[in-house]
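The values are calculated or read from the model by the stated rules, or taken from the named source; none is laboratory data. Just so we're clear, the structure is a prediction, and the values are computed from it rather than from any experiment. A quick note on method: Cβ atoms are made from the backbone with ideal geometry, for glycine too, and the neighbour counts reach across all protein chains shown. Note: areas computed on protein heavy atoms with side chains; ligands, DNA, RNA excluded. Shrake-Rupley method; radii C 1.70, N 1.55, O 1.52, S 1.80 Å.
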Amino acid sequence: MAASGPKIGVALGSGGARGLAHIPYIEALDEMGLSPSIISGTSVGALIGAGWANGMTGRDLREHSVRLLGTMQEIAGRLWTTSRPTLKNMRESGISMQVDAQNITDAFLPDAFPDDFTALCVPFHVVATDYHGWDQVVFQSGPLRQAIAASLAIPALFRPVRIEDRLFIDGGATNPLPVDRARIGSDIVIAIDVNGMPDEMAGKGEPNPLDVGFVATQIMTQAIVRNTLALHPPDIYVHAAVKGFRVLEFWRVREIIAQAERDKDAFKRAVEKRLKSFSAAGEGRPQRVDQG
């Protein structure tokens, strides 16, 4: 993007494994020669957005994700290495089936990833939820890894993350698609929604309790997203093609990326159209790319 061009803000939404669908859209912007002026992310969007803000390209993110998540053995090995309980942990916290979000964050970030927001190449906002205050908290400075872990802390699955004297859980509980943060200082805002679709498991038998909990969360998440879009309409809204993928199916990384990749050309056309509108008049109607 030329220095005189519009400033582009990108919001990357929450969605568990479906968040891997963010990667083809990042690749598309790379291929168009466009770079964001600000990135905001919630949950998995914060994890992927952090890599992007640190200078990783879409291709880098794809290769890193496939290498770390491409097999169940690799995922299981990393989870065991980072999450096995120690005697010290058990003495302090007791035996718990919940996973430490900080350990997971450290395990799946690239090597030599920075510890502080100041080291990033692009301004980056991470959304988490204050467990006791019941409201969103936005991190944009200070310890980066802790902020990502807080944003990722899915209730019941991950232990809440303590930062100073406050406890945080998944940012998706309050702002699953942080368009408002991507709007700051931007001329054009792109919002990428990777939440699931209705009835995607229909006809596949009785759901297990975990699936029921996740689907209920998705229903609530989609209601929040609709309100967000009404209050802070982006210039380009994408509902990524993520039908048929469960929240924790990270090992299906290749399938998730491949399904979202089919949308790249339509996404590029929407971006090009919005750029032309901006150049011609400085404003234009939002463009929608809604797959699935």
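Examine segment 170-185 for a residue that is modelled with pLDDT under 95, assigned to a loop (DSSP other than H, G, I, E, B) and either open to solvent by less than 50 Å² (accessible area, probe 1.4 Å) or under 18 Å from Gly16 (Cα atoms) (or both), and state whether such a residue exists. Checked segment 170-185: no residue is modelled with pLDDT under 95, assigned to a loop (DSSP other than H, G, I, E, B) and either open to solvent by less than 50 Å² (accessible area, probe 1.4 Å) or under 18 Å from Gly16 (Cα atoms) (or both). Asn195 meets the stated requirement of being at pLDDT below 95 and within 14 Å of the chain's Cα centre (by Cα).
For first residues located in segment 33-52 and free of Cβ contacts under 8 Å to residues at least 60 places away in the same chain and under 16 Å from Ala147 (Cα atoms), partners that are open to solvent by 10 Å² or more (accessible area, probe 1.4 Å) and among the hydroxyl-bearing types (Ser, Thr, Tyr) and lie 6+ apart or on another chain with Cβ distances below 8 Å do not occur.
Given the conditions (1) among the charged types (D, E, K, R); (2) touching a His at 6+ places or on another chain (Cβ under 6 Å); (3) at pLDDT 95 or above, report the number of the one that Asp265 does not fulfil. With respect to (1) among the charged types (D, E, K, R); (2) touching a His at 6+ places or on another chain (Cβ under 6 Å); (3) at pLDDT 95 or above, Asp265 is out only on (2). Within segment 135-151, does at least one residue satisfy the condition of being more than 13 Å from Gly13 (Cα to Cα) and modelled with pLDDT under 95? Within segment 135-151, none of the residues are more than 13 Å from Gly13 (Cα to Cα) and modelled with pLDDT under 95. Looking across segment 1-25 at every residue that is closer than 30 Å to Arg159 by Cα and hydrophobic (A, V, I, L, M, F, W, C), the one that is nearest to the chain's Cα centre (by Cα) is identified as Leu12. Listed by first and then second residue, the pairs with beta-carbon distance under 7 Å, at least 6 apart or on different chains, first residue in segment 111-128 and under 13 Å from Arg181 (Cβ atoms), second aromatic (Phe, Trp, Tyr) and surrounded by 14 or more Cβ atoms within 10 Å (Cβ to Cβ), are Phe124/Phe117; Val126/Phe139; Ala128/Phe139; Ala128/Phe168. Can you spot a residue in segment 223-238 that is over 30 Å from Arg59 (Cβ atoms), of a type outside the set (Phe, Trp, Tyr) and surrounded by 22 or more Cβ atoms within 10 Å (Cβ to Cβ)? No - not one qualifying residue is present in segment 223-238. Of all residues assigned to segment 139-157, at least one qualifies as being in a loop (DSSP other than H, G, I, E, B), within 14 Å of the chain's Cα centre (by Cα) and of a type in the set (A, V, I, L, M).
For segment 235-261, the tally of residues that are in a helix (DSSP H, G or I) and of a type in the set (Phe, Trp, Tyr) stands at 2. Among the residues making up segment 135-169, those that are open to solvent by 60 Å² or more (accessible area, probe 1.4 Å), closer than 20 Å to Leu109 by Cβ and free of Cβ contacts under 8 Å to residues at least 40 places away in the same chain are Gln140, Ser141, Pro143, Arg162. Pairing residues of segment 185-199 that are touching a residue at least 24 places away in the same chain (Cβ under 8 Å) with residues that are open to solvent by 10 Å² or more (accessible area, probe 1.4 Å) and of a type in the set (Phe, Trp, Tyr), at Cβ distances under 9 Å and at least 6 apart in sequence or on separate chains, gives Asp187/Phe278; Ile188/Phe278; Ile190/Tyr237; Ala191/Tyr237; Ile192/Tyr237; Asp193/Tyr237; Gly196/Phe214.
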